[in-house]
Amino acid sequence: MKELIINSIQALVSSEKDTLANMANISAVLNDYFDDINWVGFYRTKGNELILGPFQGKLACVHIPYGKGVCGVAAKEKKTLRVSNVHEFDGHIACDSASNSEIVVPLIKDGQCIGVLDIDSPSFDRFTEEDQIFLENLVDVITPYLTCI
């Protein structure tokens with residue numbers, strides 16, 4: 001199933017040049033794929049902060065400084081963060097108080113973080129190592145088709 005999702009998303013993004021459209025469709029596919037999540041989407045790099053991009057879920061924070069919250073730290077460190085309990089993450093930014101766990105995968109292009117893929121869950125310890133590997137593989141496939149906007 002995971003290979004089918006990655007192949008389907010690659011087919012979507014490879015035939016569309018608009019980054020916002022691609023991010024919107026990827027968010028929709030992932031929202032349908034994952035169970036027990038309450039938010040999935042993108043933040044885009046603008047200067048030294050992340051700006052909200054296309055997503056599925058409740059209202060979200062619009063500006064996240066690099067190095068702040070799970071998304072900002074993942075972007076600054078250019079590494080995936082899988083957080084079992086966001087309330088124990090130093091500097092967590094609570095955009096939705098119903099979120100209890102989170103995974104954030106940075107989008108690295110030409111050595112620069114151009115944004116992050118962020119998924120939240122109302123359950124603690126929702127995201128597995130298998131989820132992380134899947135999402136990192138997905139990001140490797142989609143990032144060449146995305147631009148910093």
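Results, tabulated for the structure shown:
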item: Helix-only [θ]222 nm of the chain, DSSP H runs n ≥ 4, -39500 (n - 2.57) each, per residue, nearest 500; result: -11000 deg cm²/dmol
item: For the chain, built as a Gaussian network whose Cα springs stay under 10 Å, the top-fluctuating residue of 68, 17, 78; result: 17
item: Spatially proximal lysines relative to residue 78 (Cα-Cα < 22 Å; intrachain offsets below 8 disregarded); result: 46, 68, 109
item: Within the stretch 105-135: backbone nitrogen closer than 17 Å to the residue 8 label point (7 Å, Cα to C-beta); result: 134-135
item: Spatially proximal aspartates and glutamates relative to residue 17 (Cα-Cα < 18 Å; intrachain offsets below 8 disregarded); result: 140
item: Separation between Cα centres of the stretch 5-55 and the stretch 98-149, rounded to whole Å; result: 10
item: Sorted peptide list for 22-31, 56-65, 84-93, criterion being average Cβ within 10 angstrom, highest first; result: 22-31, 56-65, 84-93
item: Cβ-defined net charge surrounding residue 113, 11 Å radius [Lys, Arg +1; Asp, Glu -1]; result: +3
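Rule-based calculations on the coordinates, nothing more; no lab input. A quick note: this is a predicted structure, and the numbers were derived from the prediction, not measured. Note: ideal-geometry Cβ built from the backbone for every residue, glycine included; neighbour counts use all protein chains shown.
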